[in-house]
Amino acid sequence: MKKYILLFSLTFAAFFAVCFAGQAGKNAVAKVNVVDIVPKTVENSVICTGKVENTEDGKVYAPSASVLKKIYVAEGDKVQAGQKLMELSSTASQTRQASINSYEDARKAYSSYLSSSSASQAGDEEAVGSENSTETLTSPVSGTVTSISASQSGSYISPSKPAV
């Protein structure tokens with residue numbers, strides 16, 4: 001009988017614990033943090049490493065194979081759009097002048113053959129006169145001169161590489 005009383009009392013205690021343990025959890029209040037929402041300005045920013053390069057890069061090329069006659073700027077100079085950078089003498093006109101000089105020598109040596117072609121020779125000299133004028137390279141944009149391919153008078157400037 002003692003066993004039944006002990007078994008009954010343990011069962012009653014377990015039932016009582018289960019019933020009131022559920023009630024204790026219902027009455028417990030959860031702790032809540034409240035935050036006030038305030039309107040703010042949002043700023044977007046990106047942090048990165050690298051090299052900043054100019055997107056408006058104005059490279060100046062010689063129109064044809066040329067020889068530098070005069071330079072007006074140096075590296076680091078600030079220039080405006082349209083400002084003179086350098087004067088060039090075209091090697092094409094120099095080559096043409098050399099061929100005309102050769103023609104003149106041949107004319108002196110063979111004057112009897114050239115009497116009929118003197119009109120065409122005069123036309124060639126006139127064409128060289130118009131081609132032999134110097135060309136001026138100007139800046140396409142305002143900015144700073146970063147590099148110059150030729151630094152002294154008489155230097156050759158290729159049309160495939162930037163002059164300034």
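We did not get these values from a lab; they are worked out from the coordinates using the rules stated. Bear in mind that the values here come from a model prediction, so they are computed numbers and not experimental data. Cβ placement follows ideal geometry from the backbone for every residue including glycine, while neighbour counts extend to all protein chains displayed.
Observations on the model:
- Arranged from fewest to most other beta-carbon atoms within 10 Å of their beta carbon, GLU75, GLU43 become GLU43, GLU75.
- In this structure, the pairs whose alpha-carbon distance is over 32 Å, taken from LYS51/LYS161; LYS78/LYS161; LYS108/LYS161, are LYS108/LYS161.
- Over the range 38-87 - Rg/Rh using Cα atoms and the Kirkwood inverse-distance radius: 1.30
- For THR146, the residues 5 or more places off, or on other chains, whose built amide H falls under 5 Å of its own are GLY76.
- Förster radius 35 Å - calculated FRET efficiency between GLU43 and THR146, Cβ distance, rounded to 0.05: 0.60
- Summarising the amide proton neighbourhood of LEU85: residues at separation of 5 or more, or on other chains, whose placed amide H is nearer than 5 Å comprise LEU137, THR138, SER139.
- Counting other Cβ atoms within 10 Å as a rough exposure proxy, the listed residues ASP36, ASP105, ASP77 run ASP36, ASP105, ASP77 from fewest neighbours to most.
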